[in-house]
1. Determine the relative contact order of region 15-116: mean sequence separation of Cα pairs under 8 Å and six or more apart, normalised by residue count, in whole percent.
2. Taking only DSSP H segments of four or more residues, each worth -39500 (n - 2.57), what value at 222 nm results for the chain once the sum is divided by all its residues, to the nearest 500 deg cm²/dmol?
3. On average, how much accessible surface per residue is there in the chain, in Å², for a 1.4 Å probe, leaving out ligands, DNA and RNA?
4. Over region 113-251, calculate the relative contact order: mean separation of alpha carbon pairs under 8 Å at least 6 apart, over the residue count, as a percent.
5. Given Cα pairs under 8 Å that are at least 6 residues apart, what percent is the relative contact order of the chain?
6. Of Leu82, Val93, Thr208, which is farthest on the positive side of the dipole of region 82-211, counting Cα position, with +1 on Lys and Arg Cβ, -1 on Asp and Glu Cβ, and the Cα centre as origin?
7. Of the residues Ser130, Ser187, Ser151, which exhibits the maximal mean-square fluctuation in a Gaussian network model of the chain defined by a 10 Å Cα contact cut-off?
8. DSSP loop trypsin sites (Lys or Arg not before Pro) in region 57-127 with at most 15 other Cβ atoms within 10 Å of their Cβ, which ones?
Amino acid sequence: YIKGKKLLELFNIQRTYLFYLLYILIALGIIFTWIILPSITLILFLIVASYHFGKEDTEFLVINKSYLTEILYFFKGFLIILAPMYFHFQDTVNIFKLLLIDNEVFYSILSFVEANKIIEIGIFISTTSSIFLFLNKFEIIKFSIFLDFFSIIILNYYLPPLIAFTIYFCFLHSIRHSISLAVELDSNSLLNGFKIFVKKAIPLTILTGVFCLISLYLLNSGSNLDSSIVKVIFIGLASLTFPHILLEYLL
């Protein structure tokens with residue numbers, strides 16, 4: 001709501017409803033695109049999500065920003081995609097199958113990736129990116145980069161992909177983002193900033209929850225519950241992530 005108002009002010013637009021309308025249309029557009037072109041949308045989502053996670057989790061630690069830094073953000077965030085594939089390859093592939101992915105070419109590429117140690121190479125590049133971000137203009141607070149790294153590795157080693165990702169997303173990524181928003185809302189009082197954040201977030205959170213339950217009900221009528229839950233989580237998350245990222249970077 002607050003960031004939407006800021007965006008409208010930048011474009012000198014008075015009608016607040018236009019922000020919500022466009023935001024929801026982008027989200028719906030992602031869902032329809034996923035239904036029509038699931039493989040391409042999934043790949044695009046994984047690329048965008050990798051960059052987003054790497055940037056959001058690290059940007060506050062980086063003073064000097066450059067194009068190289070943006071690339072490092074992507075490779076650091078890419079670990080979130082690679083770790084479940086490394087530790088639970090078949091489970092991850094099964095999740096892809098539940099997401100309407102039935103493209104043989106897509107699975108041939110995955111088999112090639114597994115057979116040629118490309119996942120291991122990707123993890124090595126991601127680790128190198130984290131080290132570079134850690135050492136560049138070193139400060140003690142940058143140890144959080146390695147806390148992120150080892151948390152993702154440990155979560156995916158011990159837990160199934162879906163649970164590991166849920167814990168990372170809710171308790172590492174989103175909490176950090178919420179705290180940064182609370183500080184932005186009231187730099188003098190984190191508690192008051194968090195109260196404002198919760199007050200503003202509750203209506204849209206309830207609305208999102210209602211849509212999730214409706215989607216789950218509609219999907220479950222034609223398939224099993226596990227498949228429906230995975231679709232609602234990942235396709236729903238993609239539909240929320242794209243407009244969210246677009247809003248963040250437009251500002």
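The values are calculated or read from the model by the stated rules, or taken from the named source; none is laboratory data. Just so it is clear, the structure is predicted and the values come from calculations on it, not from any experiment. Reconstructed Cβ throughout: ideal geometry from the backbone, glycine too, with neighbour counts over all protein chains shown. These accessible areas exclude ligands, DNA and RNA; they are computed on the full protein's heavy atoms, side chains included. Shrake-Rupley method; radii C 1.70, N 1.55, O 1.52, S 1.80 Å.
1. Averaging sequence separation for qualifying contacts and normalising by length gives 26 percent for region 15-116.
2. -26500 deg cm²/dmol
3. 59 Å²
4. Computed value for region 113-251: 9 percent relative contact order.
5. 26 percent
6. Most positive-ward Cα: Thr208.
7. Answer for the Gaussian network model of the chain: Ser187.
8. Lys65, Lys117
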